[in-house]
1. Go through the stretch 68-80 and give me each residue that's surrounded by 10 or more Cβ atoms within 10 Å (Cβ to Cβ), part of a loop (DSSP other than H, G, I, E, B) and among the acidic types (Asp, Glu).
2. How many of the residues making up the stretch 88-109 are charged (D, E, K, R) and within 19 Å of Val123 (Cβ to Cβ)?
3. Restricting to the stretch 63-108, give me the number of residues that are in contact with a Leu (Cβ under 7 Å, 6 or more places away or on another chain) and not aliphatic (A, V, I, L, M).
4. Just checking, which of Asp111, Asp65, Asp83 is within 19 Å of Ser164 (Cβ to Cβ) and part of a loop (DSSP other than H, G, I, E, B)?
5. Within the stretch 160-202, how many residues turn out to be more than 21 Å from Ile61 (Cα to Cα) and among the hydrophobic types (A, V, I, L, M, F, W, C)?
6. How many of the residues making up the stretch 211-240 are more than 20 Å from Tyr31 (Cα to Cα) and either at pLDDT 95 or above or of a type outside the set (Gly, Ala, Ser) (or both)?
7. If I ask for residues that are farther than 30 Å from Asp111 by Cα and surrounded by 13 or more Cβ atoms within 10 Å (Cβ to Cβ), which ones from the stretch 232-244 would you list?
Amino acid sequence: MKRLWATLILSGFSVGLQAGPQINVGTVYDYLDGDKSTYLKRVFNSGDATAFVKVNILEIIYEADGTSREVPVKTRADASGRDGLMASPARLIVPANGMQGTRLLLMGNRDRERYFRVRFVPVVPEKEDEFAVSGEEREEYKKNLSAGVNVMTGFGTVFFVRPSDSRFNTAIEDGPEHYRLRNNGNTVVVIDEFRNCSLKNETECEPTTKHHILAGKSFEFEKKTGREYRFNLVEGSEKKTLRIASKQ
């Protein structure tokens, strides 16, 4: 089975196992519709200590051969601002058992779909981090953390920015041996909750997966005898449930 989008990362940052901040950013894939320019992303802290979180953003560039690279967000040619995604604020102070939000704002070109890696990284605040805390508060925070061994985990998400003239056009080819979906539109299509199960035993299934079909790309799978394939085809706000069975 061909996968067109790699599974997103979840990375750990060891600080020093006990109490402390425990952040959660909800979904790891987010989408900015063509008629929107801002998106509110919430960061939750289920721990018993304040979380100081940096928001870092890189743009994902896809090459013609399908490979990708991540680059810093550029400044506009006229130096009037950034050409890409920015977070406001980019520094979050999330109280214990609390929540804070940052707005992700797209500035610049939207004549094509764009992709960004957004990382939420909990840190121990230092002076250069620009968190609005005093030196005494920083030292007190470090002292409280040092009382136990703590693990602070950061999360990476992928942010899809749809073009302003988003168009969906998914072509389906249902052949005798293969099933293919081709994205003939100009923005990402999602294959959600993809399940491959036995027709004889509904509990005999492979792990549920999620796939993204970028514009101009395809997703396909082999129709194996005695198997049933179920998934949701998501085109923006529209969702269609499909079921394909192979009894041969």
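The values are calculated or read from the model by the stated rules, or taken from the named source; none is laboratory data. Please read all numbers here as calculations on a predicted model, not as lab measurements. Note that each Cβ is placed from the backbone with ideal geometry, even for glycine, and that neighbours are counted across all protein chains shown.
1. At the first step, the residues of the stretch 68-80 found to be surrounded by 10 or more Cβ atoms within 10 Å (Cβ to Cβ) are 68-76, 80.
Filter once more, keeping what is part of a loop (DSSP other than H, G, I, E, B): 73, 76, 80.
Passing the criteria: none in range.
2. Step one: list which residues in the stretch 88-109 are charged (D, E, K, R), which gives 91, 103.
Narrowing further to those that are within 19 Å of Val123 (Cβ to Cβ): 91.
Residues flagged as charged (D, E, K, R) and within 19 Å of Val123 (Cβ to Cβ) within the stretch 88-109 amount to 1.
3. The qualifying residues number 7.
4. Numbers: Asp65 fails: within 19 Å of Ser164 (Cβ to Cβ); Asp83 fails: part of a loop (DSSP other than H, G, I, E, B).
After applying the criteria, what remains is Asp111.
5. Adding up the residues that qualify gives 8.
6. Keep residues of the stretch 211-240 that are more than 20 Å from Tyr31 (Cα to Cα), which gives 220-230.
If we keep only those that are either at pLDDT 95 or above or of a type outside the set (Gly, Ala, Ser) (or both) too, we end up with 220-225, 227-230.
Qualifying residue count, the stretch 211-240: 10.
7. Leu242, Ile244
Residue by residue, here is whether (1) touching a strand residue (DSSP E or B) at 6+ places or on another chain (Cβ under 6 Å); (2) closer than 13 Å to Thr157 by Cβ; (3) not aliphatic (A, V, I, L, M) holds:
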residue	(1), (2), (3)
Tyr39	yes, yes, yes
Asn56	yes, yes, yes
Arg110	no, no, yes
Val118	yes, yes, no
